[in-house]
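A.B. asks: Have a look at the structure that comes next, please.
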Amino acid sequence: MIRTAKNGCSSDISFKGKKVYYDWEHGIPFSSLGTKLDKTAFLKNLVDENNLEAVENMLADWDLHENGWHVIYPDGGYKNQQLFLYLSQYGRQTRPEALDYFN
């Protein structure tokens, strides 16, 4: 099951035109996300190639699907949770520098 990510005002979070979801014990079925897409191909249209690695590192825990982003919480913990926490307005998160690399 997955759940729609919300910000501090209880509004749905979107990133680059797609809603953001995360694993939760209650919610909607994972299959609602649809087919998994190629995140790198998607990003190549939005980011200069010189900055692509930094943006991919920022999105290390994010998978792109046709109906949204899925933020994965792996067994060992997040690889890079900064963007998810920033968009969620959780705590005093600074804006990730890699957001400046989008066209």
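The values are calculated or read from the model by the stated rules, or taken from the named source; none is laboratory data. Remember, it's a predicted structure, so these values are computed and weren't measured experimentally. As a convention, Cβ positions derive from the backbone with ideal geometry for all residues, glycine included, and neighbour counts pool all protein chains shown.
A.B. asks: Mind listing whichever residues of the range 42-78 are at pLDDT 95 or above, loosely packed, with under 13 Cβ neighbours inside 10 Å and over 17 Å from LEU99 (Cα atoms)?
C.D. replies: Residue satisfying the conditions is GLU66 alone.
Quick grid of which residues meet (1) within 14 Å of LEU87 (Cα to Cα); (2) touching a residue at least 60 places away in the same chain (Cβ under 8 Å); (3) β-branched (Val, Ile, Thr):
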{"position": "THR4", "(1), (2), (3)": "yes, no, yes"}
{"position": "ILE13", "(1), (2), (3)": "yes, yes, yes"}
{"position": "VAL20", "(1), (2), (3)": "yes, yes, yes"}
{"position": "TRP24", "(1), (2), (3)": "no, no, no"}
{"position": "LYS36", "(1), (2), (3)": "no, no, no"}
{"position": "ASN45", "(1), (2), (3)": "no, no, no"}
{"position": "ALA54", "(1), (2), (3)": "no, no, no"}
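A.B. asks: Taking only the range 1-48 into account, find how many residues are within 15 Å of the chain's Cα centre (by Cα) and at positive phi.
C.D. replies: Residues meeting the conditions: 2.
A.B. asks: Which residues, counting only those in the range 53-103, are closer than 25 Å to TRP24 by Cβ and aromatic (Phe, Trp, Tyr)?
C.D. replies: Those that are closer than 25 Å to TRP24 by Cβ and aromatic (Phe, Trp, Tyr): TRP62, TRP69, TYR73, TYR78, PHE84, TYR86, TYR90.
A.B. asks: Checking the condition at pLDDT below 95, of a type outside the set (Lys, Arg) and more than 24 Å from MET1 (Cβ to Cβ), which residue from GLN81, GLN93 passes?
C.D. replies: Selected residue: GLN93, the only one of GLN81, GLN93 that is at pLDDT below 95, of a type outside the set (Lys, Arg) and more than 24 Å from MET1 (Cβ to Cβ).
A.B. asks: Which pairs do you get when a residue that is under 16 Å from LEU52 (Cα atoms), found in the range 78-103, comes within reach of a residue that is of a type in the set (S, T, N, Q) and part of a helix (DSSP H, G or I), reach meaning Cβ atoms under 8 angstrom, with the pair 6+ apart or on two chains?
C.D. replies: Sorted first by the residue in the range 78-103, then by its partner, the pairs are ASN80/ASN57; PRO96/GLN82; ALA98/ASN51; ALA98/ASN57; TYR101/ASN51.
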